[in-house]
Each structure stands twice: as C-alpha cells, then as structure tokens.
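Colleague: Take this structure, written in structure tokens, and hold onto it; I'll ask about it next.
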Amino acid sequence: MAATSLRASMYEAFRSRMFVFLGLVAFVFGVFFLQLVNLQILQGSAYREKSRQNMESNIPIAAPRGEIYDRNFGPERKGVVIASNRAAFNISTIPASFKSPAEMQASLKPLCALLKVSYDDLMNELKGRNPYERVTIKEDTTLNTVVTIASHQHRFPHVDWQDAPVRVYNYGSIFSHVVGYIGSISPDEYKKLKDSGYRHYQKIGKSGLEKEYDTELRGLDGYYRRIVDVRNRMEGEEVGLQPSSGSNLVLTIDFEVQKAAFEGMKDIRGGAVVIRPATGEVLALVSHPDFDPNQIISKNNAKVLEDLNKDEARPFLNRVIQSKYPPASTFKLLTAISTLEEEKSSPGQTHYCPGKYTLKGYIDRDFYCYETHGTLDMYWAIAKSCSVYFYQLGYKIGPSAMLRYADYFGLQDKTGIDLPGEIPGFLPTKKWKYKTFGQQWFDGDTINMAIGQGFVNVTPIEMADLVCGIVNSGQIMRPYILKEMRSPDNKRVIRKTKPEKIREIPLSPATVDALKQGMRLSVRNGTSQQLNYIPVSIAGKTGTAQTRSHRREDGSQHGWFVGFAPFEGEPEDTVAVAVLAEYGVTGASGAVPVAEKIFASLHKQGYFNAQQKRNIQD
C-alpha cells in the first residue's frame, strides 16, 4: 500500500512537471508564432522595404545647372551660349559602408592609383567628416573609367559612380568676372545652407552670376537605386527620382562688345564697364587680370585654385565693383556741376592757366597743371583737363558743396548691380580727417579734391553711373546684368528685369549741356582725340590719378576714361563707358585705347544706328 501510494505520488509529480514543461514549450512556440505573425503580416511590408534597402544603394543624380546666354538669345535669334553643361561621371563612396579601415584601404588605395588621385589627400579629407556622408573621390571621369571599375567590382567594393554634368564656360576668361564659377560646397557653407535644401556633395556658385542666382540655376537633384547582392555585386538599377534642370539666364551682356572690352584690357590691369543709361543694362563688364573658370571648377584642381588665390595680381578681384581708386580729372565733372548748380560760376567764365596755381597762406604753396593752357572757359577746361581752372573753381565753391553733389550721384554708395561683393566708394569729411589723422581740413585738401586727388575714392561702376546721370539729366538707373530668366526648355519667361530708377538729381538743362559740350570738345580737340576718327559723335573725359605708389617702375598713375555716344542722341539711344587702367600712365594713353575698341564695336554692332536700335533693345 505504501509502495503504491509512493508510486502514485511520484507519477503525480511527474505529470505536474510535464504540464509545466509542455506549458513552457507552448508559450515559447506561441511567442515565436506571434512574432512570426508580427514580422510577416503586421510589419511585413516595412521589413521587406528595409531588406530591399539593404540590397540597394541610392545614388544622387546631379541636376544640370541652367544655361547662360548673351542678350541676343531669343525665340527667333540664336544667341551666344556663355555657360552650358556636358555629360561626365563622378566616382564616390560612403566611408561607413566599409567594415574596417583595412577593407577601406584595400579598396580605395588601388582605386586612387587608377584614378590618379592622392590616397593620402583623400584620407585627410575624410578626417573629421561624417562617415555616413557620400564623398566624391574623383570628378569628371570618363565612361571607360566607369566601365573598368564596374568590371572589377570585387576589387573596389562600396565604390559607386554617378552621372554628374560638368559646367562648361564656353569662352573661358572672357566672362570670368560676370558669370563667375562654381565649386564644391565647403563645410561652413553647408552649415549655413543645409536647411535650404543644399547637400554636402553639391556644387554651388562661388562668384559672379553663378553665386548671385545659384538658387535658380542649380535645379533639383534626383537619384537612382543601384541593386546589389550580398557580395555587393550590382544586379540592376532603376531611377527613383528624375533630376530637374535649373532655370536658364539671358543676360544684358552683348558678346561682341564684351569681347572688344576684353581684348582692350588684355595687357592692362584694371576694369571696363559699358551701360545703357536709359535702362541700366550692362552691355559689357571686364576686369583684368582674370582667370579661366574651366580650370578650377573640379575639386581635383585644387592646386590651380590655390595658386590663383596666392597670385599678387588678385585675378579673382572684380576691379569694376570691388576696387576703388582716386577719380582724378573725371571728378572735375562734379566740381563743374557743383559750381554751376550753386551759381558760383558759369560755362563762359574764364580763368587764366599759367601752368600752376599758387594757394596763398602762411606758406604759399604751388599746385601744378600738366601744361600752360592760357585763358580758358569751362568748355575748354573740361576738354583740355586744365587743373588750374578747377583749382580755382574748387577753392571758390569749397568742399561741402562738392561732397554734397558727389553724394547725390552715389559716389559713396553701392550701385546695387546684381553681382556679389560690390563695395562703395569713399567721400572724406572734415570730421573723418580729424579723427583719422588728427588734422583739420586745409584749403590744400579742397584744391586737391577739386581735381579728384586726395582722399576721394570711387569704383569704375560708380563713375559709369555718373556719366549715366549726366546723359539722363540727373536720373540714374540701377545697373543690372540679368535680362530675363527662362524655364529649362526656354519656352517660358519666369522673370524679366524691369529698369529701376535709384537716383534723381535736379540738374538744370544748362548744367547738363555745358558738361556734354565740354566732353564732346575733349574728343574733338582735347585729351580724348584718339576717339575722334570713329564715325559716331563721342563725348568723354580722361583722368590721370596719382597713386603715391612705387610698386611699378614704369609709372605710379592710374588712367581713367569716362564717356558716352552718340553726343546728339536721346538717352534711350546712348551708351556710357567707363575704363580704369591701373598704372596706365595717363588716361589718354592707358584708358582711351580700351574705350576706342569698345566704341568701335558698339558702332559695328549697330548701337548708334537708329534703324537697328529696336533689334538691339528687344
């Protein structure tokens, strides 16, 4: 009985343990079943997407930047294509895709040798960067290189290639300071722009119109999916998002006029700008020294970019809008305006020039003219650029009036041209001089300022606006380069620039006429006579600025020319020109020859022919 009871108790205990064990087994299988339902049914689609993504590599497709044309582009006219794109490939990788540094080295070191890229430089570039960001190893590679890499994927795991249109500047340095160039986005630029949709691998405008209108030019990148197996071998690819091209730009620049200005400035350091006073359209803008943007847009051309940045001639400096100089005798136009408008003189009033002007004081001081002119009225004083005449006008009117009219014409303000980096000119004051030098304003400062020497500094585009103001009887329009913005297929005008008046100086007709007559006489019988053979009536004013510089053995003076044509034309028919030749010895020898090429080109292109005017303006 006892044995039977013991056996029954043991059996009961075994059965209880069996139930517990079976319960645990059932619970575990239940958990597995529920998780299977969760993975396969409830979250099946999500995990299938993750699985697919593990076998895919999303490769960006760079959008082609918008093309840039000169002013003659239109539905029925073939303009000059200044900037376009050509097909090419980039080679890239994502560092985090490698399992170890050894695997990365085994893949990238032979790849760099194949691409002729420094492996050490690439490794230095990767330091401190987000390893999950795509890094471009080589830009602008050929299809043959891509085929070689694709054919040896086992040697180059985690290396991708993608379509990457290359920017082409079809006329090299001719438009370098107008169009500018593009380059890889820097870490600092990316921090500022990433919230605006920019990506770390993209190119952005670095200068010129490429920078000014980068948002409109760059378009929207796309991407395609590259499907790989577990060994990272490509099995296929599909487009996930097509890229959208950027907008195209039609400029106010005329290619032929730009080319003439470029050729004129080829051996001269300085700048030239051509503007239509009636609208503010910039027909040409050239700065020299210049650069070829085609040589620096690739990240693999960093050495070329570094050398250009170290060049003492500063080829990246746009001297038309980013450098200021003493205006020299071109400022005599403002001295004349202030005395005429303040009724301190008249065009017919004469002064005698013995070759110097003596300023009386505790110690008499002589101020010289470049030659003895005898008795002159204002017309001939402008034509011959007689300093003695304007010494006397400046002394009579005083500094306040001259500075006031210079300010009216905007000589200490930016013009607002649609190019980045413009700087304003500078007009001194008595307070500024005392604060800067600890000296009061002397009569000698006034005398110097009357002929554009001393402390006044202006940019070439400000002097072009001065001429525009004279032509327009006191109205100045904002200079601009973008004529219109078009859709990528050029079928639709997205934006059209409208002329904008930025200043209006109440000049009397007599003042305007006196200035124009004097400038016309300068071309007929004065310092600008070299222009007199061109079959259009040109009016101008030269200037020679003393720089107090000994950097050049052949001269320390800058040459100026400002002028317009035709003399008898209406403002809407007129074109204004300003030229600055650094160390050009004199305005007549340094700047006038450049203006000669520009006016000759304008005449050839029909800008002074009323019958052709409509075609040029449209």
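The values are calculated or read from the model by the stated rules, or taken from the named source; none is laboratory data. This one's a predicted model, so the numbers in the text were calculated from it and none came from an experiment. Virtual Cβ from ideal backbone geometry, glycine too; neighbours counted across all protein chains shown.
Colleague: Is it the case that the stretch 364-372 has a residue that's in contact with a Pro (Cβ under 8 Å, 6 or more places away or on another chain), surrounded by 13 or more Cβ atoms within 10 Å (Cβ to Cβ) and of a type outside the set (D, E, K, R)?
Modeller: no
Colleague: Also, I was wondering about something else. Report whether or not GLY197 is under 23 Å from GLY66 (Cβ atoms), modelled with pLDDT of 95 or more and out of contact with any Cys (no Cβ under 8 Å at 6 or more places or on another chain).
Modeller: Here the answer is no, as GLY197 does not meet what is asked.
Colleague: What number of residues within the stretch 248-305 are assigned to a loop (DSSP other than H, G, I, E, B), more than 18 Å from ALA464 (Cα to Cα) and either among the aromatic types (Phe, Trp, Tyr) or touching a residue at least 12 places away in the same chain (Cβ under 8 Å) (or both)?
Modeller: 9
Colleague: Could you name every one of the strands (runs of 3 or more DSSP E) located completely within the stretch 117-188 that has at least 2 residues being more than 30 Å from GLU422 (Cβ to Cβ) and in contact (Cβ under 8 Å) with a residue 12 or more places away in the chain?
Modeller: Answer list for the stretch 117-188: 135-141, 159-163.
Colleague: Let me ask something else about it. Do we find a residue being assigned to a strand (DSSP E or B), surrounded by 24 or more Cβ atoms within 10 Å (Cβ to Cβ) and either β-branched (Val, Ile, Thr) or modelled with pLDDT of 90 or more (or both) anywhere in the stretch 544-554?
Modeller: So far as the stretch 544-554 goes, yes, one or more of its residues are assigned to a strand (DSSP E or B), surrounded by 24 or more Cβ atoms within 10 Å (Cβ to Cβ) and either β-branched (Val, Ile, Thr) or modelled with pLDDT of 90 or more (or both).
Colleague: Does ARG86 satisfy the criteria of being closer than 30 Å to VAL257 by Cα, touching a helix residue (DSSP H, G or I) at 6+ places or on another chain (Cβ under 6 Å) and not acidic (Asp, Glu)?
Modeller: No; evaluated as a whole, the condition is false for this residue.
Colleague: Considering only residues of the stretch 241-269 that are polar (S, T, N, Q) and more than 16 Å from ARG218 (Cβ to Cβ), which is surrounded by the fewest Cβ atoms within 10 Å (Cβ to Cβ)?
Modeller: The qualifying residue surrounded by the fewest Cβ atoms within 10 Å (Cβ to Cβ) is THR252.
Colleague: Return the only residue of LYS414, LYS431, LYS396, LYS435 being assigned to a loop (DSSP other than H, G, I, E, B) and surrounded by fewer than 21 Cβ atoms within 10 Å (Cβ to Cβ).
Modeller: LYS414
Colleague: Can you pull out every residue in the stretch 318-369 that is touching a residue at least 24 places away in the same chain (Cβ under 8 Å), in a loop (DSSP other than H, G, I, E, B) and under 25 Å from VAL579 (Cα atoms)?
Modeller: If the condition is that a residue be touching a residue at least 24 places away in the same chain (Cβ under 8 Å), in a loop (DSSP other than H, G, I, E, B) and under 25 Å from VAL579 (Cα atoms), then ASN318, SER323, LYS324, PRO326, PRO327 are the ones that fit.
Colleague: Across the stretch 200-214, what is the number of residues that are in a helix (DSSP H, G or I) and in contact with a helix residue (DSSP H, G or I) (Cβ under 7 Å, 6 or more places away or on another chain)?
Modeller: Number of matching residues: 3.
Colleague: Another question, if that's okay. Against the conditions (1) of a type in the set (A, V, I, L, M, F, W, C); (2) without any contact (Cβ under 8 Å) to a residue 60 or more places away in the chain; (3) in contact with a strand residue (DSSP E or B) (Cβ under 9 Å, 6 or more places away or on another chain), where does LEU308 fall short? Just the number, please.
Modeller: (3)
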